[in-house]
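Here's the structure, in structure tokens; my notes come after.
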Amino acid sequence: MSLTRNRQFLLKLSDHEYEMIQKKMAQLGIHNMSAYLRKMAIDGLVVNLDMPAFREMLKLMNRTAANVNQIAIHCNSVGGISGKELQELKDAYREQAAQIKKMVSEVITLKSIPRA
């Protein structure tokens, strides 16, 4: 499938229709009208995935990465890691895995919603 878009489609709207489309795009946080209209014409559906679990997972991943960096610095300077630090790292990874499972579950639920 080519990504070149060489076909043009002219769509005439009333002022009211244009404003309604603009409002729906704003509600979804979409700024590209062409992409929005293309998606709606092809799929008839635009889903805004506002997933708090995903945002939380990203925060958790950043914290975990920071922890790993601190442990690496500590290991390189002192030459080891304590059992407590290792347990904290394991706990952070377990929490992160739980968040990922929750996010995947939300996406699967959204994907399984039948279209009208």
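The values are calculated or read from the model by the stated rules, or taken from the named source; none is laboratory data. As the structure is a prediction and not an experimental result, all values here were calculated from the model. Glycine also receives a Cβ, built like all others from the backbone with ideal geometry; neighbour counts cover every protein chain displayed.
Brief remarks on what is shown
- Scanning region 43-65 finds one or more residues that are outside any loop (DSSP other than H, G, I, E, B) and within 26 Å of L11 (Cβ to Cβ).
- From the list R94, R38, the one residue that fits, being at pLDDT 80 or above, closer than 30 Å to L10 by Cβ, among the basic types (K, R) and outside any loop (DSSP other than H, G, I, E, B), is R38.
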